Amino acid sequence: MDIRSYFPGKNLATRTISQEQGKQNEAQHSSNSATETDEIEDTEPACRSKALTSAVLPSDLGEREKGPMQPKLAQFPFEQYGQRKRSFQYHWFEKHSWLEYSVEQNAAFCFPCRQFGHQQKRYNKDALLSHGGFKNWKRALDSFKEHELSTSHISSTQGWCAFKDYQKHGSIVDQLNIASESQIRERRDYMARLIGIVQFFGRSGIPFHGHDETDGSLNKGNFLECLNLLKTFDPFLQNYSPPNNATYTSPSSQNEILESCADEVIAKLVSNVKKAGMYSVMADEARDGRYRKLLALCVRCVTPENGVPTEHFLGFKELKEFDAQTIAASIENSLREHGLEKILCVAQTYDGAAVMSGISGGVQAKFQENHPEAIYVHCYAHELNLVLCYTCKAVPEAKDFFETLETLYAFFTTSLVHHNKFTDVQSSLGLGASQLVQLSDTRWSCQIRSVKAVIVNYSPVVQCLSEIRSPVAMGLLICMKKLSTVFCLFMFNSLLSTTEGFHRLLQKEDLDLATAVNYKEAVYQTLYNMRTLEKGTEIYNESVALFNANNIPIPEPKAPRRKQKKMDDFVAQATCGMREELNMLDALTQHLFYPCLDRMLSELDNRFSSIKPDILNGIQACNPQSKNFLSSDLHALAKHYKIELQQEEVLVAKKFLSRKYEVETNFTMNTLYDDLDPLMFPTLKKVIQIVLTIPVSSCSCERSFSVLRRLHNWLRQTMGQSRLNHLAILSVEKKILNSITDEAVIDRFANKHKRRHLLVHKK
């Protein structure tokens with residue numbers, strides 16, 4: 001039998017079932033039918049079930065992902081029912097959203113039953129709607145209602161709804177994961193704000209905790225108060241409530257966030273050092289203000305991208321003892337912790353303390369046992385301070401002069417009455433308000449500011465001392481009216497002004513050793529040229545002019561007392577410590593100016609020589625401003641670092657640089673490093689990088705001690721060593737701190753130990 005007889009086309013004429021057979025089937029299965037048409041439509045031959053199973057569904061039905069096919073035709077095809085024609089109606093779609101229509105077969109189908117239901121085992125209306133195709137348009141509405149109430153349709157509809165929900169939100173597992181991801185994202189956004197507060201406080205050195213952090217406290221500490229302030233303006237914090245067991249605002253959580261930030265900073269700077277392939281060590285020791293002994297450790301490397309030397313702070317290490325073995329072991333352990341022990345260390349820089357600089361038992365000697373290439377550089381800033389310090393100690397008049405300045409500063413600052421008097425006199429003389437400057441034993445750049453302050457305020461100082469007339473004031477007044485004191489003011493103003501620029505230069509992180517040596521030679525030559533009678537006369541005239549401006553008479557020189565030669569061994573003409581007063585130009589020049597200048601020149605010449613001459617000549621040969629630029633002195637430096645320097649590279653580099661910088665004069669070692677291609681000049685570029693990596697001073701360590709004083713003040717004495725170290729890293733390495741991401745810090749914080757709530761997205 002033709003299968004098309006069970007799936008009619010556009011009219012009844014195509015049917016091959018006889019009218020008699022339809023009546024017999026109607027009598028058996030459809031006794032409730034009222035008309036002949038109904039009898040024909042409700043027939044169910046026994047063989048039709050078999051035909052349904054092998055029927056081919058029309059190709060124009062809807063797909064599972066797109067939903068039911070519900071076309072809108074101008075006129076649906078008619079079917080003849082007795083004397084009337086009936087067709088599918090488009091408005092049925094509005095009432096039955098599951099309904100779909102096939103234009104190809106002019107039949108209706110149930111989309112969820114067809115896609116998500118089971119195939120019917122016997123022939124009925126549900127089977128027609130799901131697989132066979134329903135087209136009895138006269139009984140359509142009643143059949144649709146009956147079908148909607150069937151168990152199979154309800155089950156199929158539930159499957160369809162589940163599928164649509166899956167399309168929109170994914171599976172249940174996916175929905176749970178999405179919910180989890182959303183919660184993790186919220187937690188990370190919350191953590192980002194806490195990290196921002198920690199980084200701000202760490203960068204600025206602001207305390208975190210308060211005296212009373214309970215709920216009823218009016219001041220819960222800077223951290224909690226800042227978080228509450230953010231809630232006032234941040235909509236996210238206003239709407240987000242963290243779990244009670246995961247607020248991350250406790251002191252221990254703050255410490256973990258702080259540690260994560262510091263670890264991320266250290267990881268980034270260590271990455272820079274490893275990328276450079278070589279580094280230098282700088283260290284200095286100090287106390288934290290109480291009883292702990294700390295070692296500040298810094299490293300210097302050259303950034304490969306731009307060839308600029310940078311110095312980084314690795315942190316404070318607590319020392320049990322101040323001996324060389326303990327300090328050297330602490331440096332080695334710190335380098336090992338950061339994975340730098342196998343990278344080439346080209347130099348080490350410390351101050352001149354015996355425990356650090358000892359050539360046999362000092363830190364530099366013990367460090368060279370594991371790093372033989374690491375040459376020792378005595379901090380140039382300390383060297384220059386020692387030059388000035390020993391100059392003043394060698395000349396008694398200079399020593400007395402600086403003691404007078406220190407006493408004068410104490411006189412006007414320790415007493416409020418004296419300070420107010422000094423300010424009033426400045427106003428009466430028409431001078432702007434300015435203060436005297438305290439001297440410093442280690443920062444000799446302060447000496448020049450102190451000298452200049454006294455020169456500017458000489459008139460109010462003398463007038464104040466004259467009006468106060470206390471014993472101390474009268475003693476200071478006598479000293480200030482001495483010509484030798486005023487001569488020292490102008491003499492040291494000139495000498496210290498010559499070295500002041502060198503002091504500032506030595507504070508630069510990117511200063512290279514070859515350039516520092518050249519500047520030192522320039523300072524030495526300038527001071528040497530000042531050793532003339534003309535310069536002494538110039539200083540003397542300035543002193544006399546200051547005396548005349550303040551109506552101070554110049555003391556007349558006293559003739560020396562005569563004594564009998566036979567009494568030379570028995571008579572003392574002056575008390576112990578008393579010296580002859582210097583009033584004449586020749587005496588001031590010969591006994592004060594020349595001795596100070598000669599001692600300074602001698603100290604400059606003898607110091608700054610901790611490096612072997614052949615190594616130092618090789619370092620200077622890398623400087624384009626040196627006379628021996630790219631000379632044979634380079635080979636001694638390369639040999640020390642076990643580099644096989646190719647002479648051909650040096651010759652080609654000379655020609656290349658001479659052609660490129662034929663007119664240009666701004667040619668430094670940094671530009672040299674940038675211009676040398678590593679493929680063309682591999683060994684020469686490495687030698688230049690080594691010279692740039694060698695530090696000039698340990699000023700970076702000194703700056704970390706300044707941070708230490710701000711962090712470990714008397715209000716924060718109970719701070720632990722670990723927290724102090726992490727705060728110092730954030731405060732010193734501000735540039736790297738600004739470059740790290742919150743995401744990296746959150747990941748590091750989340751992985752420290754198992755958290756109650758996930759903070760990391762699942763992979």
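The values are calculated or read from the model by the stated rules, or taken from the named source; none is laboratory data. None of the values given here were measured: they were computed from a predicted structure. Neighbour counts run over all protein chains shown; Cβ positions are idealised from the backbone, glycine included. With ligands, DNA and RNA removed, areas are computed over all heavy atoms of the protein, side chains included. Shrake-Rupley method; radii C 1.70, N 1.55, O 1.52, S 1.80 Å.
Numbers for the structure displayed
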item: The range 331-344, residues that are in contact with a helix residue (DSSP H, G or I) (Cβ under 8 Å, 6 or more places away or on another chain) and either of a type in the set (Phe, Trp, Tyr) or modelled with pLDDT of 90 or more (or both); result: Ile331, Glu332, His338, Gly339, Leu340, Ile343
item: Failed item in (1) open to solvent by less than 10 Å² (accessible area, probe 1.4 Å); (2) small (Gly, Ala, Ser); (3) out of contact with any helix residue (DSSP H, G or I) (no Cβ under 8 Å at 6 or more places or on another chain), with Gly720 passing the rest; result: (1)
item: Given (1) modelled with pLDDT under 90; (2) closer than 30 Å to Ser602 by Cβ, index of the condition Glu321 fails; result: (2)
item: Residue within the range 424-435 that is open to solvent by 20 Å² or more (accessible area, probe 1.4 Å) and either aromatic (Phe, Trp, Tyr) or under 29 Å from Lys520 (Cα atoms) (or both) present; result: no
item: Out of Phe402, Phe412, sole residue that is crowded, with 20+ Cβ neighbours inside 10 Å and either at pLDDT below 85 or of a type in the set (A, V, I, L, M, F, W, C) (or both); result: Phe412
item: Of all residues in the range 582-622 being at pLDDT below 85, open to solvent by 40 Å² or more (accessible area, probe 1.4 Å) and part of a loop (DSSP other than H, G, I, E, B), the one that is farthest from Ala514 (Cα to Cα); result: Met584
item: Candidate set: the range 386-397, residues that are more than 46 Å from the chain's Cα centre (by Cα) and over 18 Å from Gly475 (Cα atoms); chosen: the one surrounded by the fewest Cβ atoms within 10 Å (Cβ to Cβ); result: Pro396
item: Members of the range 251-267 that are within 13 Å of the chain's Cα centre (by Cα) and free of Cβ contacts under 8 Å to residues at least 24 places away in the same chain; result: Ala267
item: Residue in the range 302-321 that is under 23 Å from the mean Cα position of the chain (by Cα), part of a helix (DSSP H, G or I) and aliphatic (A, V, I, L, M) present; result: no
item: Candidate set from the range 277-306 (those that are small (Gly, Ala, Ser) and modelled with pLDDT under 90); member that is nearest to Asp323 (Cα to Cα); result: Ala286
item: Count of the range 265-301 residues which are open to solvent by less than 40 Å² (accessible area, probe 1.4 Å), touching a His at 6+ places or on another chain (Cβ under 9 Å), over 26 Å from Ile206 (Cβ atoms) and part of a helix (DSSP H, G or I); result: 2
item: Some residue of the range 714-729 being among the β-branched types (Val, Ile, Thr), more than 25 Å from Val270 (Cα to Cα) and free of Cβ contacts under 8 Å to residues at least 12 places away in the same chain; result: yes
item: In the range 489-509, residue farthest from the chain's Cα centre (by Cα) [restricted to those that are surrounded by fewer than 17 Cβ atoms within 10 Å (Cβ to Cβ) and part of a loop (DSSP other than H, G, I, E, B)]; result: Gln507
item: Candidate set from the range 725-735 (those that are of a type in the set (A, V, I, L, M, F, W, C) and more than 14 Å from Gln254 (Cβ to Cβ)); member that is surrounded by the most Cβ atoms within 10 Å (Cβ to Cβ); result: Ile729
item: The range 740-756 residues that are more than 11 Å from Met191 (Cβ to Cβ), paired with ones that are open to solvent by 40 Å² or more (accessible area, probe 1.4 Å) and assigned to a loop (DSSP other than H, G, I, E, B) (beta carbon under 7 Å, 6 or more apart); result: Arg756/Asn245
item: Candidate set from the range 643-657 (those that are touching a helix residue (DSSP H, G or I) at 6+ places or on another chain (Cβ under 8 Å) and β-branched (Val, Ile, Thr)); member that is least open to solvent (accessible area, probe 1.4 Å); result: Val650
item: Selected residue (criterion: farthest from Asn670 (Cα to Cα)) from residues of the range 325-348 that are open to solvent by 10 Å² or more (accessible area, probe 1.4 Å) and touching a residue at least 40 places away in the same chain (Cβ under 8 Å); result: Gln325
item: Residue identified as within 34 Å of the chain's Cα centre (by Cα) and crowded, with 16+ Cβ neighbours inside 10 Å among His635, His712, His640; result: His712
item: Residue ID - nearest to Arg187 (Cα to Cα), chosen from residues in the range 227-264 that are surrounded by fewer than 17 Cβ atoms within 10 Å (Cβ to Cβ) and aromatic (Phe, Trp, Tyr); result: Tyr240
item: Pick from the range 129-155, criterion outside any helix (DSSP H, G or I) and either in contact with a helix residue (DSSP H, G or I) (Cβ under 6 Å, 6 or more places away or on another chain) or open to solvent by 70 Å² or more (accessible area, probe 1.4 Å) (or both), ranking: nearest to Asp60 (Cα to Cα); result: Phe134
item: Selected residue [of a type in the set (A, V, I, L, M, F, W, C) and closer than 24 Å to Thr499 by Cβ] from Phe402, Phe412, Phe422; result: Phe402
item: Single condition Pro678 does not satisfy, out of (1) surrounded by 19 or more Cβ atoms within 10 Å (Cβ to Cβ); (2) without any contact (Cβ under 8 Å) to a residue 60 or more places away in the chain; result: (1)
item: Helices (runs of 4 or more DSSP H) contained in the range 670-763 and holding at least 1 residues in contact with a Pro (Cβ under 9 Å, 6 or more places away or on another chain), within 30 Å of Gln647 (Cα to Cα) and of a type in the set (A, V, I, L, M, F, W, C); result: 682-693
item: Test for Ile266: is it among the hydrophobic types (A, V, I, L, M, F, W, C) and farther than 30 Å from Thr326 by Cβ; result: no
item: Residue identified as small (Gly, Ala, Ser) and surrounded by 13 or more Cβ atoms within 10 Å (Cβ to Cβ) among Gly202, Gly216; result: Gly202
item: Hits in the range 626-652 - residues which are under 26 Å from Ala522 (Cβ atoms) and outside any loop (DSSP other than H, G, I, E, B); result: Leu634, Ala636, Leu637
item: Within the range 477-488, tally of residues that are among the hydrophobic types (A, V, I, L, M, F, W, C) and either surrounded by fewer than 22 Cβ atoms within 10 Å (Cβ to Cβ) or in contact with a Lys or Arg (Cβ under 6 Å, 6 or more places away or on another chain) (or both); result: 4
item: Wholly within the range 362-474, helices (runs of 4 or more DSSP H) carrying at least 1 residues that are over 22 Å from Phe492 (Cβ atoms); result: 363-370, 416-428, 458-468
item: Count - residues of the range 445-470 that are of a type in the set (Val, Ile, Thr) and farther than 30 Å from Leu506 by Cβ; result: 3
